[in-house]
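One structure is given here, and the rest of the page talks about it.
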Amino acid sequence: MHISYSELRVYRQCPKCYRHRYVERLPEKPGRDKLAFWGVVVGKLVEAFYRERWWADPIMAESDARRFLSAEAQRRTEVKQVDWGPGEFEVGLEKAKAAVPKILSTVRTERLLGARNWVEQEMTLPITSGGDTHTVHGRLDLLVEAPDRRLTLIDGKAGTTLGRRSDPEQLKLYALMVERHYGQFPARAGFWWFRHGVVRWKKLTHLSEFAAGLDGTLNRIRRECFAPVVGAHCQWCDYWAACPAGQEQTAEKAVPGLNLIPGTVTVVGA
Ligand code: SF4
């Protein structure tokens, strides 16, 4: 089995949702691209920041970054054929541009520039489970090597809600991948909220329990255990219309006057 961290995360939240998305490949809800649009564009900016080495000149860095955002947003609108409402694109672009000084100052204050920096690096980790070896793969947003050769691992968050989707298990997985590829465990690891200029560092402990949990998850996927797991996440599920358990959950949680019917809830950011 070849599986990514995102797939594992979906399975851990709801195996039935995993089955619909990755086994049956049912289409996602229309408009998903639009919801994640600005998060992806800001993520691309940070990638370009490191690839193009804009940090050499802080004034140029800022103007280059703003230019990049406009071009990238236009390019992505065309590729994804996003149908913006009146003024929507302009407002989104201004908000994305407001992240530029925060990104630049966080690089300085958190020492996120090293002797060597890697962005968007694809890595793998073999896991033996049930007698088979499976490959878990993931894309590391940023790995920084300081002059003393210590490594910093960063997962970028481009959404607007601070703390959302900050799963320490993701960092544990990526840290094990880094250890396998570079022969050393990262000295620090954290989530960087680009738009807030905030890095939250995480202690990566209990790695053996984490590895055992991974083994258990892979085993359940292999045995095709796809029972639904309901929760607040059902509100945003793309497959709610095909899921009686999820419909029951949202009906139970509905508050008079507050519509929780999926498809009517706006999700912002990636
Ligand atoms: S609606 Fe809820 S229980 Fe049903 S598939 Fe989606 S996340 Fe799972």
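No value in this document is a laboratory result; all are computed from the given coordinates. Model, not experiment: these values are computed from the prediction. Note that we place each Cβ from the backbone using ideal geometry, even for glycine, and neighbour counts take in every protein chain shown.
Results, tabulated for the structure shown:
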item	result
Local net charge near Gly213, Cβ-Cβ under 14 Å (Lys/Arg +1, Asp/Glu -1)	0
Footprinting exposure proxy for Phe37, Phe185 (fewest neighbouring C-beta atoms within 10 Å first)	Phe185, Phe37
Simple spin-label estimate for Gln74 and Ala242 in nanometres, 7 Å along Cα-Cβ	3.9 nm
HN-Hα J in Hz across the range 166-173 - Karplus 6.51, -1.76, 1.60, θ = phi - 60°, x for Gly and Pro	9, 9, x, 4, 4, 5, 4, 4
Amide proton proximity set for Ser129, modelled H, under 5 Å, gap of 5+	His134
Mean-position separation - Cα centroids, the range 1-38 and the range 88-125, in angstrom	25 Å
Restricting the range 37-140 to trypsin sites (Lys or Arg not before Pro) in coil, as DSSP defines it, with at most 16 other Cβ within 10 Å	Arg53, Arg111
Two-decimal Rg to Rh for the chain - Kirkwood Rh, Cα set	0.98
Under-5 Å amide H pairs with Val198, H placed in peptide plane, nonlocal only	Trp193
Cα pair count fraction exceeding 19 Å, expressed as % - the range 32-109	33 percent
Residue list for the range 1-42, given a label point 7 angstrom along the Cα-to-Cβ vector of Gln81 and an amide N cut-off under 17 Å	27-35
Unmatched cysteines, the chain - criterion: no other Cβ of a Cys under 4.7 angstrom	Cys225, Cys234, Cys237, Cys243
Nearby aspartates and glutamates by direct alpha-carbon distance to Lys34 (threshold 18 angstrom, same-chain neighbours under 8 apart not counted)	Glu72, Glu78, Asp83, Glu88, Glu90, Glu94, Asp238
Which listed pairs, of Lys16/Lys157; Lys16/Lys102; Lys80/Lys172; Lys16/Lys44; Lys29/Lys95; Lys80/Lys203, have C-alpha distances above 29 Å, in listed order	Lys16/Lys102; Lys80/Lys172; Lys16/Lys44; Lys80/Lys203
The range 63-107: Cα Rg divided by the 2.2 N^0.38 Å rule of thumb	1.25
Förster radius 25 Å - calculated FRET efficiency between Glu94 and Arg32 (Cβ-Cβ, nearest 0.05)	0.65
Of Leu93, Leu45, Cys14, farthest towards positive along the dipole that unit charges on Lys, Arg, Asp, Glu beta carbons give the range 1-96	Cys14
